[in-house]
1. Would you indicate which of [x] 1.01; [y] 1.95; [z] 1.72 is the value of Cα Rg over 2.2 N^0.38 Å derived from the coordinates of this structure?
2. Does anyone have the angle between helix 47-59 and the longest principal axis of the chain? Alpha-carbon axes, 0 to 90°, nearest 10?
3. What percent do you get for the relative contact order of the chain when only Cα pairs under 8 Å and 6+ apart count?
4. Run the reach check for LYS20 against lysines, Cα to Cα strictly under 30 Å, same-chain hits fewer than 8 apart removed. What comes back?
Amino acid sequence: MMKIELDDVKAKVVLHVGAKGSVLAQTVQARAEGIDVHFEIKSSEDPAKLAGLIRNARNGCYVRQTIDQPGLFNDTINVNGQPFNLEDYPPPAHR
């Protein structure tokens, strides 16, 4: 869309993850602790144009924007065709 000439683009993404809690106690909490993204770009274009392209790529990425804005999930569950309320079945009590 921006008609910018790129000779080569490479990206390296490293996802740092962790978890705490217990699967058996139903308290497991997975988390992303950080996402490192490194770009290697070869282009003879004006640096200001490249900055605009990179900005648009970041801001136009649905995955990146979703991660940056937590709380977007709205779950509904049906079991055997009937609404299922997870809160009706709390995790087992801790011993």
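1. [z]
2. It works out to around 20 degrees.
3. Once divided by the residue count of the chain, the mean separation gives 27 percent.
4. LYS12
We did not get these values from a lab; they are worked out from the coordinates using the rules stated. Just so you know, these numbers come straight off a predicted model, no measurement behind them.
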